[in-house]
1. With the condition kept exactly as written, say whether any residue in the range 240-252 is in contact with a helix residue (DSSP H, G or I) (Cβ under 6 Å, 6 or more places away or on another chain) and under 17 Å from residue 209 (Cα atoms).
2. Of all residues in the range 96-131, which are among the aliphatic types (A, V, I, L, M) and away from the ligand (no atom under 16 Å from the Cβ)?
3. Is it the case that the range 80-94 has a residue that's within 25 Å of residue 215 (Cα to Cα), touching a Phe, Trp or Tyr at 6+ places or on another chain (Cβ under 9 Å), open to solvent by less than 10 Å² (accessible area, probe 1.4 Å) and within 16 Å of the ligand (Cβ to nearest atom)?
4. Consider residue 31 carefully, then state whether it is aliphatic (A, V, I, L, M) and surrounded by fewer than 19 Cβ atoms within 10 Å (Cβ to Cβ).
5. So residue 55 passes all but one of these: (1) of a type in the set (A, V, I, L, M, F, W, C); (2) within 13 Å of the ligand (Cβ to nearest atom); (3) surrounded by fewer than 18 Cβ atoms within 10 Å (Cβ to Cβ). Which condition number does it fail?
6. Which one of these does residue 161 not meet: (1) away from the ligand (no atom under 14 Å from the Cβ); (2) open to solvent by less than 20 Å² (accessible area, probe 1.4 Å); (3) of a type in the set (Val, Ile, Thr)?
7. Looking at 264, 293, 271, which one is modelled with pLDDT under 95 and either surrounded by 15 or more Cβ atoms within 10 Å (Cβ to Cβ) or out of contact with any Pro (no Cβ under 9 Å at 6 or more places or on another chain) (or both)?
8. Evaluate the following for residue 266: is it outside any loop (DSSP other than H, G, I, E, B), touching a residue at least 24 places away in the same chain (Cβ under 8 Å) and under 17 Å from the mean Cα position of the chain (by Cα)?
Amino acid sequence: MFTLFRRSLGLLCLTFGFSASASEPAFVPRATKVTDNVYAIIGPLGQRSEANAGLNANYGFIVGANGVILIDSGASAHSAAMLEKAVKEVTPKPIRWVLNTGSQDHRWLGNGYFAGKGAEIHAMAGSVKTQQSSAQQQLDSLKRFVGKQLDGTAPSYATKVHPAPEQSLVIDGVRLKWIETSAHYPGDTMIHLPDASVVFTGDLVYVDRILGVLPQSNVRKAQAGFQRLEALKPKHVVPGHGRVTDLAQAKRETGDYYDFLIKNVGAAARNMDSIGETLDKFAKPAQFMHLENFSDLHRANMNRVFVDFEANP
Ligand SMILES: [Zn+2]
């Protein structure tokens with residue numbers, strides 16, 4: 001009897017302990033100063049969840065003379081309000097301009113929240129096109145991760161649409177250059193602030209975790225985009241995912257990885273080598289294995305690059 005009791009108590013503790021460690025702490029977005037009037041909000045590296053409200057990406061903002069320019073609007077109206085709160089901790093000025101760097105859910109589904117408060121929504125043409133074609137699918141899949149937090153969120157598109165591939169703008173006295181990369185999704189962009197020497201790279205650059213090559217990604221455009229980033233010689237790089245960093249880390253953890261994939265896997269596909277042997281041969285690149293998500297993503301990344309180069313040598 002006593003043994004049985006102890007055993008069930010033990011089981012109870014084990015169960016309790018397990019569920020406690022499995023529950024993710026709630027993410028509270030906070031601004032990190034990059035330089036001068038430029039800030040980043042760094043999201044967690046893992047998958048979308050209720051605990052992070054789908055804010056598992058990086059955001060940024062610039063405090064201008066008359067208002068705030070927000071870069072990317074969050075994954076829902078709910079999470080947009082969380083970003084707004086993080087901005088309010090830095091400045092009482094309202095968010096008057098929202099710029100989308102891309103078309104993934106957490107970059108633009110908060111647009112409607114800010115538009116409803118009078119903000120002007122900007123995006124490049126290619127991003128809007130991808131947003132429109134993938135909105136419904138994004139809402140359906142995001143719902144599985146964040147549930148009720150998606151209530152009250154409807155797709156809302158930029159009213160100020162800029163032509164690709166490059167556009168120089170001045171918003172509230174802030175000079176910026178907007179550049180299309182189409183790296184992760186068709187129409188993805190990066191935003192360069194020449195006066196602050198900052199680039200918000202969108203999903204062109206990932207640090208601390210390995211980047212994902214998706215069926216929609218284009219590793220050749222990504223490589224060209226990275227070279228364009230290098231030519232800008234920014235002092236500060238705000239990646240799409242991972243900490244605020246410099247060009248050297250971005251190069252080691254992203255630029256070199258694009259090169260690695262093209263030079264090895266792309267070349268093997270062009271050479272009509274066996275896909276299985278190629279994926280085995282390049283399975284353990286020491287320079288990238290420390291990156292988070294490596295074991296989940298590297299093989300699939302190589303696979304997609306191989307198939308791409310096979311179809312388009
Ligand atoms: Zn992303």
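The values are calculated or read from the model by the stated rules, or taken from the named source; none is laboratory data. Every value quoted in this text rests on a predicted model; they were computed, and no experiment measured them. Here the Cβ positions follow ideal geometry from the backbone for every residue, glycine too, while neighbour counts run over all protein chains shown. Quick note on the areas: whole protein, heavy atoms, side chains included, nothing else; ligands and nucleic acids left out. Shrake-Rupley method; radii C 1.70, N 1.55, O 1.52, S 1.80 Å.
1. As a first pass, look at the range 240-252 and keep what is in contact with a helix residue (DSSP H, G or I) (Cβ under 6 Å, 6 or more places away or on another chain): 240.
Subsequent filtering for residues that are under 17 Å from residue 209 (Cα atoms) retains 240.
Checked against the condition, which is being in contact with a helix residue (DSSP H, G or I) (Cβ under 6 Å, 6 or more places away or on another chain) and under 17 Å from residue 209 (Cα atoms), the range 240-252 yields at least one hit.
2. From the range 96-131, those among the aliphatic types (A, V, I, L, M) are 98-99, 109, 115, 119, 121, 123-125, 128; that's our starting set.
Once the filter is applied, which keeps residues that are among the aliphatic types (A, V, I, L, M) and away from the ligand (no atom under 16 Å from the Cβ), the range 96-131 yields 98, 115, 119, 121, 124, 125, 128.
3. Initial filter on the range 80-94 (within 25 Å of residue 215 (Cα to Cα)): none.
No - not one qualifying residue is present in the range 80-94.
4. Values: aliphatic (A, V, I, L, M): yes; surrounded by fewer than 19 Cβ atoms within 10 Å (Cβ to Cβ): no.
So residue 31 does not fit the description; no.
5. Condition not satisfied by residue 55: (3).
6. Among (1) away from the ligand (no atom under 14 Å from the Cβ); (2) open to solvent by less than 20 Å² (accessible area, probe 1.4 Å); (3) of a type in the set (Val, Ile, Thr), the lone unmet condition for residue 161 is (2).
7. Working: 264 fails: modelled with pLDDT under 95; 271 fails: modelled with pLDDT under 95.
Of the residues listed, the single one that is modelled with pLDDT under 95 and either surrounded by 15 or more Cβ atoms within 10 Å (Cβ to Cβ) or out of contact with any Pro (no Cβ under 9 Å at 6 or more places or on another chain) (or both) is 293.
8. On the way: outside any loop (DSSP other than H, G, I, E, B): yes; touching a residue at least 24 places away in the same chain (Cβ under 8 Å): yes; under 17 Å from the mean Cα position of the chain (by Cα): no.
No.
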